[in-house]
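The next block holds one structure in the form of structure tokens; read it before the comments.
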Amino acid sequence: MSAPWVEIKNLFRHEGREVVVKGWMYNKRSSGKIHFLQLRDGSGFIQAVMAKSDIPEETFLEAKGLWLEASVEVTGIVRKDERAPSGYELTVTDLKVIHNPEHEYPIGKKEHGIDFLLDNRHLWLRSQRQRAIMKVRDQVIWAAREYLHNEGFLLTDSPILTGSIGEGASGLFEVPYFDEGKAYLAQTGQLYAEATAAAFGKVYTFGPTFRAEKSKTRRHLTEFWMLEPEVAFYDHEDNMRLQENLVSAIVKNVLEHCGRELKDLERDTSVLERVEPPFYRITYDDAVKMLQGLGSPIEYGTDFGGDDETILTRQFDKPVFVECYPKKVKAFYMKQHPEREDLVLCDDLLAPEGYGEIIGGSQREDDLDLLFSRIREEGLPEESYDWYLDLRRYGTFIHSGFGLGIERLVSWICGLHHIREAIPFPRTIYRLNP
Ligand code: NSS
């Protein structure tokens with residue numbers, strides 16, 4: 001019977017037995033008599049030890065000629081080894097080369113500049129660090145969806161090609177659209193989630209969203225993934241409770257399932273371990289005073305810049321809600337504060353350690369006349385919002401929701417310096433390839 005093909009992560013179940021590993025050789029060390037082949041198959045990493053005395057001469061020579069990232073099928077016996085990072089090693093009995101590159105692999109051990117790495121993102125993804133980040137991203141999305149599913153939320157996908165506008169007229173990508181003229185790539189699924197909330201109560205949308213902002217910060221992508229829950233009969237307070245419960249559940253789940261990856265990323269997990277409800281809360285008014293006290297030039301009535309978020313969130317050891325911003329810096333659909341006409345019932349959730357905003361949420365304006373006048377004030381195309389206003393014409397209801405930026409959350413959990421590593425193929429104003 002030939003040896004079975006086993007994924008590296010499952011090798012521990014085959015101790016002492018002969019198996020086949022299929023993957024890529026990401027590194028190699030050799031002494032005259034032994035080759036140490038470092039293998040990767042996507043599920044894990046393992047060292048395969050090939051001794052000259054154990055195998056035919058030509059196989060040993062073939063291994064010697066392997067370039068980095070050669071694809072191989074290695075047969076070997078699984079041995080326990082305390083010194084190995086995975087706890088196991090493979091003693092090679094046979095090697096089949098699937099493809100030996102004709103050129104040296106472009107990404108070497110030396111330090112590469114970020115532009116070079118981004119140009120080679122399709123290859124860079126093969127590194128251990130990128131694998132760890134993608135694993136955390138996968139777990140974040142899984143955990144979020146599991147939490148919402150268990151809480152009775154319905155996933156209601158929203159369109160990416162839209163006729164109406166989400167977050168205001170700036171920063172829209174336009175696409176020619178047959179006889180209809182122009183379509184816009186969705187900036188948010190929210191308006192559609194409001195419609196499905198009226199149909200199904202607790203809903204969420206999850207998908208890519210697009211912003212043609214010329215922001216060149218470490219927090220901005222032009223294409224990012226957003227999870228947007230929307231709940232009928234939730235007010236501003238209920239909304240914030242859902243946010244802190246969801247974020248806490250995600251972080252806990254990642255800590256439980258991605259210990260190895262967070263270690264690979266050298267993430268100090270002590271802050272993550274503290275993440276549980278309730279989060280801190282401050283009002284916009286107090287946040288501005290606090291920032292001014294810390295030396296920020298921010299003026300009352302303006303939105304926070306990236307630096308403000310950095311300064312502010314360094315003051316907290318857990319995520320913090322900033323509530324009730326001035327109406328004029330926020331989107332048209334937010335509900336007016338019952339006691340302060342100049343404010344809206346909204347919140348931004350800021351991650352600590354300088355990371356800043358990961359969620360933007362609000363109670364929605366449910367009064368038809370107020371909402372209509374806000375659409376007018378903002379100079380938005382009234383016709384596109386007609387269907388949206390129907391939600392206030394036919395059984396209007398208190399409701400709230402929020403948008404969680406997946407890459408922002410992944411950046412914080414992984415402790416990344418820049419958001420571009422939090423998505424497989426980042427899109428920024430200067431990058432459309434690969
Ligand atoms: O613009 S938001 O603050 N809010 C909305 O889009 C609402 N319509 C969401 C809702 O209530 N359903 O964006 C929400 C989040 C924000 O907190 C960030 O985490 C993320 O989306 N976001 C971004 N991530 C990466 N790059 C960019 N450019 C970006 N813009 C927002």
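The values are calculated or read from the model by the stated rules, or taken from the named source; none is laboratory data. Bear in mind the structure is a predicted one, so any value in this text is a computation, not a measurement. In this analysis, Cβ positions are derived from the backbone assuming ideal geometry, glycine residues included, and neighbour counts consider all displayed protein chains. Protein only, heavy atoms only, side chains kept; ligands, DNA and RNA dropped before computing areas. Shrake-Rupley method; radii C 1.70, N 1.55, O 1.52, S 1.80 Å.
Length gained on full extension, E377 to H149, computed as 0.36 nm times the residue gap minus the Cα-Cα distance: 78.3 nm. The modelled label-to-label distance for the pair I34/R281, using points 7 Å beyond Cα in the direction of Cβ, is 6.2 nm. I'd like the distance between the alpha-carbon centres of segment 305-323 and segment 12-53, rounded to an integer number of Å. That distance is 46 Å.
Taking G360, G152, G87 in turn, the Gaussian network model of the chain (Cα-Cα springs below 10 Å) assigns the largest fluctuation to G87. Look at the Cα gyration tensor of segment 1-145: its axes a ≥ b ≥ c give a/c of at least 1.5 with a/b at or below b/c, and that counts as oblate. Solvent-accessible area per residue in segment 234-393 equals 45 Å², computed with a 1.4 angstrom probe and all protein chains kept. With 0.36 nm allotted per residue and the present C-alpha distance subtracted, the R218-H417 stretch has 70.9 nm of extension available.
For segment 295-434, the C-alpha radius of gyration divided by 2.2 N^0.38 Å, with N the number of residues, is 1.23. Taking 7 Å steps out from each Cα toward its Cβ at Y300 and K9 produces label points 5.4 nm apart.
Using the Cα centre as the reference, give the magnitude of the dipole from point charges on the C-beta atoms of segment 98-182 (Lys, Arg: +1; Asp, Glu: -1; all else neutral), rounded to the nearest 20 debye. All intermediate terms of the calculation are to be shown ahead of the outcome.
Details: 10 positive and 13 negative charges, 121 e Å.
The calculation lands at about 580 debye.
Can you give the FRET efficiency to the nearest 0.05 for I429 and S164, using r as the Cβ-Cβ distance and R₀ = 30 Å? Plugging the Cβ-Cβ distance into 1/(1 + (r/R0)^6) gives 0.75.
Springs between alpha-carbon pairs under 10 angstrom, Gaussian network model over the chain: which of L312, L265, L95 fluctuates most? Among L312, L265, L95, the largest GNM mean-square fluctuation belongs to L95.
Could you sort M334, M134 by accessible area so the largest value comes first, with the probe set to 1.4 Å? Walk me through the numbers before you get to the answer.
Numbers: M334 20, M134 40 Å².
Largest accessible area first, the list is M134, M334.
Springs between Cα atoms under 10 Å define the GNM used for the chain, and in it the highest mean-square fluctuation of E228, E15, E357 occurs at E15. Expressed as a whole percent, the accessible surface of segment 331-434 that belongs to carbon and sulfur atoms is 50, based on a 1.4 Å probe.
If you scale each eigenvalue of the Cα gyration tensor by 5 and take the root, what three semi-axes come out for segment 125-193, rounded to whole angstrom and sorted largest first? Numbers along the way, then the final one.
Values: eigenvalues 193, 78, 20 Å².
So the three semi-axes of segment 125-193 are 31, 20, 10 Å.
When only Cα pairs below 8 angstrom with a gap of at least 6 residues are kept, segment 95-250 shows a relative contact order of 20 percent. When the Cα positions of S53, M134, L227 are compared along the charge dipole of the chain, S53 comes out farthest toward the positive end, with charges on each C-beta of Lys, Arg, Asp and Glu.
Equivalent ellipsoid of segment 265-348: semi-axes from √(5λ) of the C-alpha gyration tensor, largest first, are 26, 16, 11 Å. Of the trypsin sites (Lys or Arg not before Pro) found in segment 243-295, those that fall in a DSSP loop while having at most 14 other beta-carbon atoms within 10 Å are R274. Share of carbon and sulfur in the accessible area of segment 208-327 stands at 48%, probe radius 1.4 Å. Note on D307: accessible area is roughly 120 Å² with a 1.4 Å probe, heavy atoms of protein only.
Computed with a 1.4 Å probe over protein heavy atoms only, the accessible area of E194 comes to about 0 Å².
Beyond 28 Å between alpha-carbons counts as too far, so tell me which of K52/K263; K252/K289; K33/K109 fall in that bin. Mind showing how you got there, number by number?
Details: K52/K263 35 Å; K252/K289 33 Å; K33/K109 24 Å.
Over 28 Å apart, Cα to Cα: K52/K263; K252/K289.
Rolling a 1.4 Å probe across all protein chains gives I298 an accessible area of roughly 10 Å². Across the chain the C-alpha pair distances fall into 20 Å bins from zero in the proportions 22, 46, 24, 7, 0 percent. Classify segment 154-273 as rounded, prolate or oblate, taking a ≥ b ≥ c as the square roots of the eigenvalues of its Cα gyration tensor: rounded when a/c is under 1.5, otherwise prolate if a/b is larger than b/c and oblate if not. The shape class here is oblate.
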